Amino acid sequence: MDPDRIQESFPASSFRGMQAEAISDIRDAFAAGNSVVLVRAPTGSGKSLLARAIAGGARTATDAKPSDAINSYYTTPQVSQLDDVAADPLLDDLNIIRGKSNYTCILNGETETPVDRAPCAREKGYDCSVRHRCPYFSDRAIASNRRIAAMTLAYFMQTAGSDVFRRRDVVVIDEAHGLPEWAEMYATVNLQSNTIPIWDDITVPDLTAESDPLDRTIRFAETVIEACKRATDSLINRDELTPTEAAHRDRLQEIRSELQWFISDARDPQSPTTWVIDQDDTNNDVAIKPLDPARYLSHTVWNRGNKFALLSATILNKNAFCRGVGLDPAEVALVDVDHTFPVANRPLYDVTCGKMTYNERDETLPAVTRMLIRLMAAHPDEKGLIHCHSYAIQSSLRRRLAELGVESRIQTHDTTDRDESLQAWLSTDSPDIFLSVTMEEALDLQGDLCRWQVICKAPYLNTTDSRVSRRLSDGKWSWYRRVALQTVIQACGRIVRSPDDHGSTYLADSSLLTLFNNARNEMPAWFREQVDRISTPTLPTFEEAINTVGRASTAGVSSPSTSTAQSDDHSKHANSNNKTNSEDRRSAHPLSDVWGEN
């Protein structure tokens, strides 16, 4: 890598905010000999442009020996982040490759068939006459031979050991704060009917009954591998498969590979990974989950490059993050980028209604519902985003709001139509509210796309999850709070996207205030400043609000309100007309990008 090339590789014609200082600091960090540089950059700092500049510092073929790694990778766990890269003209030299299932075949009669289910994947010895024009293989060839290959983190990890995507000089990981959790999720082996086609033919023992459930799970995994091999061999020996049979073949091969990795790691006395086993009492579904999968990351990430840049707004604790991903903190540099958005434009408001824990939320939800009515009245002409945290909370709020007669102002989604429902809400001119689940990240709601949002619940991880309970039993409460704080900070960044943008975030769960108090030392300075300015807004009473919102809902238009939830220094932006065009945003299981890869 040539650190001096980073600045000249910045893709924009000029710097804005703190970008010039950030580029200089990143250059110095690599020039000092660091192999890994963490870049903690807040929303709106232009992380994608910084990432492009860093990638441009990679060794080129003209500078290298034949055995040297050259060029760079850009990767992100968020599919929508990759979509944003594809749509940005300043990043048009990032050559994107996605999993096969994202492409369709171009053969006559197969134009609606995903490439991973096309004749080349179904028929033995199939010689495709148009392979050179196949959209998947064309993109793959381009990405593998150009200076910057861009892909999701799932695809990047899945191609570890690939002859096509070999080790490169520089790897840039955007939105890297969740790397430990993403790696744990990718390395988890789920054994159940919808992941193993032959699951119903397998006798599943009680894996947790013995004193050593790990050993019994290893023996069971060996049995499953043999059963999958027999089923796979039967399919491979056929001359032609149906698309469903091809999908079964691929999934059986993937399960074998996943279980072989688990057995190898679990039996390695030098592996730092701890494995925990979950088994459903009712249907015998099994989940084999790793804790701190440093070895997995070594194989899928750290062996893939010479130099690494990890960018995020919410790498809150450098030492804890490094330990969680298998890095030595002493060998990792941290570059902090200051926030340039006025704190007055991104206020936090205390509208807490009580606790939203599992045992207490039924008592709190009626008050949250009434508060939403008051906020809708305070923002009569502005769209709002409601972070519900779970589908159970979403369903309850939707029902309660409908009972109050404002259903026409409510939009929502389920697990099957997230993207379509989000796009419908973004496209409407009506001041509707959108009840969302797990949309705290990778969502750009600039300008009038959304002016206010509510965080309904402190986003703590589920303590019934075996990985969470194991860590908490080991006293890792700081980790537990840190992960929740990361999610809150990410959520707060959804609606304020530039220095002249503005948006209000309302806190409905009193546990959020407790989280802020307990995790204060983990906060970036710019977010601590927001927390220190938390205030209670002036809102219409519920009785006033329900009359206003109810009439507007009945009429199908919003009525003006004399009440406002905005502070004086913030209300001057109320008539801003900072509208932007929204891009289609696909939302899917993060592994769907590589599901069925060969």
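If you go through region 450-475 and keep only what is touching a helix residue (DSSP H, G or I) at 6+ places or on another chain (Cβ under 9 Å) and within 25 Å of VAL276 (Cα to Cα), you end up with PRO459, TYR460, LEU461, ASN462, THR463, ARG467, VAL468, ARG471, LEU472. Those helices (runs of 4 or more DSSP H) of region 504-563 in which at least 2 residues are modelled with pLDDT of 95 or more, considering only elements entirely within it, cover 510-518, 525-532.
If I ask for residues that are part of a loop (DSSP other than H, G, I, E, B), hydrophobic (A, V, I, L, M, F, W, C) and open to solvent by less than 20 Å² (accessible area, probe 1.4 Å), which ones from region 310-341 would you list? Before you say what the answer is, go through the steps one by one.
Of the residues in region 310-341, the ones part of a loop (DSSP other than H, G, I, E, B) are 313-317, 326-328, 337-341.
Adding the requirement that they be hydrophobic (A, V, I, L, M, F, W, C) leaves 313, 315-316, 327, 337, 341.
Matches in region 310-341: ALA313, ILE315, LEU316, VAL337, PHE341.
Taking the conditions (1) touching a Phe, Trp or Tyr at 6+ places or on another chain (Cβ under 9 Å); (2) charged (D, E, K, R); (3) open to solvent by 70 Å² or more (accessible area, probe 1.4 Å) in turn, ARG140 satisfies each one other than (3). When the strands (runs of 3 or more DSSP E) confined to region 358-454 are screened for residues that are open to solvent by less than 10 Å² (accessible area, probe 1.4 Å), those reaching at least 3 such residues are found at 384-387, 433-436. Of the helices (runs of 4 or more DSSP H) entirely within region 1-82, those holding at least 1 residues that are of a type in the set (Ser, Thr, Tyr), at pLDDT 95 or above and closer than 24 Å to SER498 by Cβ occupy 19-31. Under the condition of being of a type outside the set (S, T, N, Q), touching a helix residue (DSSP H, G or I) at 6+ places or on another chain (Cβ under 7 Å) and not in a loop (DSSP other than H, G, I, E, B), the residues counted in region 251-291 number 16.
With respect to the conditions (1) open to solvent by less than 60 Å² (accessible area, probe 1.4 Å); (2) in contact with a Lys or Arg (Cβ under 9 Å, 6 or more places away or on another chain); (3) farther than 30 Å from GLU112 by Cβ, THR217 falls short on a single one, namely (2).
The rows are residues; the columns are (1) within 29 Å of ALA12 (Cβ to Cβ); (2) surrounded by 19 or more Cβ atoms within 10 Å (Cβ to Cβ).
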{"site": "LYS100", "(1), (2)": "no, yes"}
{"site": "CYS105", "(1), (2)": "no, yes"}
{"site": "GLU110", "(1), (2)": "no, no"}
{"site": "THR113", "(1), (2)": "no, no"}
{"site": "ARG117", "(1), (2)": "no, yes"}
{"site": "ASP127", "(1), (2)": "no, no"}
{"site": "VAL130", "(1), (2)": "no, no"}
{"site": "PRO135", "(1), (2)": "no, no"}
{"site": "ASN145", "(1), (2)": "yes, no"}
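If ILE495 satisfies every condition in (1) in contact with a strand residue (DSSP E or B) (Cβ under 8 Å, 6 or more places away or on another chain); (2) at pLDDT 95 or above; (3) assigned to a loop (DSSP other than H, G, I, E, B) but one, which is the exception? Unmet condition: (2).
The values are calculated or read from the model by the stated rules, or taken from the named source; none is laboratory data. Remember, it's a predicted structure, so these values are computed and weren't measured experimentally. Quick reminder, even Gly has a Cβ in these numbers, built from the backbone with ideal geometry, and neighbours come from all protein chains shown. For accessibility, only protein heavy atoms count, side chains too; no ligands or nucleic acids. Shrake-Rupley method; radii C 1.70, N 1.55, O 1.52, S 1.80 Å.
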